[in-house]
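Rule-based calculations on the coordinates, nothing more; no lab input. As the structure is a prediction and not an experimental result, all values here were calculated from the model. Here Cβ is always computed from backbone atoms with ideal geometry, including for glycine, and neighbour counts include all displayed protein chains.
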Amino acid sequence: MDQLNWKELEQIPIPEGLSERLSTKIDQWEQQEKSQQRAKRRRLFAHVVRPAAIAASIVLVFGVGFHLLRQDKYQNLAEQDTYQDPIKAQQEAQRALTLLAVNLNRGLGHLEKAKALSDKTEQTLNEQLNTLK
């Protein structure tokens with residue numbers, strides 16, 4: 001029975017231009033499907049971006065407000081003198097500068113050692129290169 005059906009189907013004439021019309025129709029369906037997918041993505045993007053933008057705006061407003069409130073508090077503290085006694089202020093400044101000088105000298109000592117080692121390495125390398133010539 002299957003063979004009969006196939007034989008009968010093969011005998012039916014195919015209208016002219018049928019394959020072109022089918023191809024065109026399939027292309028139209030694909031275009032419609034793509035445009036529908038793009039529209040879905042746009043809607044999804046809009047649904048995600050709007051709440052994120054609103055949340056970011058709220059965070060920004062609170063952040064600026066918090067900063068301004070804190071700035072007033074710290075500005076009042078900065079206007080006050082740290083030490084009322086000028087002699088004590090001078091002593092603290094000298095102590096801080098001495099600490100800075102000690103640490104700076106210690107760092108320069110390490111730097112000098114590193115430079116000496118670098119010079120020695122460079123000298124050895126130059127000797128080896130001159131030997132190769």
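Neighbour counts of other Cβ atoms within 10 Å put Glu10, Glu122 in the fewest-to-most order Glu10, Glu122.
The equivalent ellipsoid that matches the C-alpha gyration tensor of the chain spans semi-axes of 83, 43, 10 angstrom, in descending order.
Is the shape of the stretch 22-68 best called rounded, prolate or oblate, per the rule: a/c under 1.5 gives rounded, else a/b larger than b/c gives prolate, else oblate, with a ≥ b ≥ c the square roots of the Cα gyration tensor eigenvalues? The shape class here is prolate.
Dipole magnitude for the stretch 22-68: about 80 debye, using +1 per Lys or Arg Cβ and -1 per Asp or Glu Cβ, origin at the Cα centre. Per-residue ellipticity at 222 nm computed for the chain from its helices equals -33000 deg cm²/dmol, with DSSP H segments shorter than 4 residues left out and the rest contributing -39,500 (n - 2.57). This model, with +1 at the C-beta of Lys and Arg and -1 at the C-beta of Asp and Glu, gives the chain a dipole about its Cα centre of some 420 debye. Label separation (Thr98 vs Leu69): 4.4 nm, computed from points 7 Å beyond Cα along the C-beta direction. The residue among Leu104, Ala55, Ser118 whose Cα reaches farthest toward the positive pole of the charge dipole of the chain, with charges on the beta-carbon of Lys, Arg, Asp and Glu, is Leu104. Can you bin the stretch 86-133 into rounded, prolate or oblate? Criterion: square roots of the alpha carbon gyration tensor eigenvalues sorted a ≥ b ≥ c, rounded for a/c under 1.5, prolate for a/b above b/c, oblate for the rest. Prolate, since a/c reaches 1.5 and a/b exceeds b/c.
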